[in-house]
Amino acid sequence: MKKLVIFDLDGTLLNTIQDLGVAANYALELCGYPVHEISAYPFFVGNGITRLLERVLPEGARSVENVSRLREYFMDYYEEHKADYTTVYDGVRELLVALSERGIKLAVASNKYHKAVVELIKIYFPGVNWVAVEGQKEGYPVKPDPSIVFDILIKSPTPKSEVLYVGDSGVDMVTARRAGIESVGVSWGFRPLKELREYLADNIATHPLEILSIVDK
């Protein structure tokens with residue numbers, strides 16, 4: 001049985017894609033670049049804000065200077081509007097309650113910048129007792145580097161065999177594998193089921209409550 005479950009945030013616990021897309025389009029428009037359909041954004045996100053902004057720029061405009069300009073506008077907008085359209089996926093709150101009732105520890109490991117992660121968790125999951133909530137911090141590597149997982153394990157020491165990592169992308173599956181822990185790929189997130197299988201997810205969940213049976217194995 002698992003004793004600690006670590007969750008990715010965007011595409012796993014929260015559907016944040018419209019707020020991310022609107023903020024990025026706002027920045028693109030102010031800088032004079034074409035905007036994208038919101039439906040394109042699931043394939044832009046997943047590796048942190050810097051990579052998101054690189055990907056949304058035209059191929060010939062992906063300079064450090066242009067990304068920096070976009071980032072300033074993006075951050076200003078997203079700070080104020082990060083919860084305009086964001087929603088909790090159906091079944092996630094019930095899953096977190098069930099895990100907590102079983103005494104299982106809960107944590108978050110996200111490539112979103114740390115301040116936004118903490119604030120979104122407070123907004124959408126105020127009653128959950130998290131042992132760690134970790135986002136991307138300046139000077140620290142983003143997933144799939146497993147450092148963020150190791151930081152959580154320092155805060156809440158748990159044998160790796162008793163840890164489960166839950167995410168919606170290939171990045172998450174690689175993160176879990178590099179950390180030496182079992183993974184669950186969720187089908188309701190931003191990336192297709194095919195990607196989760198290609199990146200060798202140890203388990204696939206099509207509804208949050210299915211994770212309970214994986215925890216019990």
Report whether or not residue 99 is over 17 Å from the mean Cα position of the chain (by Cα), within 15 Å of residue 4 (Cα to Cα) and surrounded by 18 or more Cβ atoms within 10 Å (Cβ to Cβ).
yes
Exclusive hit being of a type in the set (S, T, N, Q), within 26 Å of residue 78 (Cβ to Cβ), modelled with pLDDT of 95 or more and surrounded by fewer than 23 Cβ atoms within 10 Å (Cβ to Cβ), set 169, 161, 147, 110:
147
Can you name the residue in region 142-168 that is among the β-branched types (Val, Ile, Thr) and in contact (Cβ under 8 Å) with a residue 40 or more places away in the chain and, of all such residues, is nearest to residue 206 (Cα to Cα)?
166
Scan region 39-85 residue by residue and report those that are in contact (Cβ under 8 Å) with a residue 60 or more places away in the chain and over 30 Å from residue 193 (Cβ atoms).
81
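The values are calculated or read from the model by the stated rules, or taken from the named source; none is laboratory data. Please read all numbers here as calculations on a predicted model, not as lab measurements. Here Cβ is always computed from backbone atoms with ideal geometry, including for glycine, and neighbour counts include all displayed protein chains.
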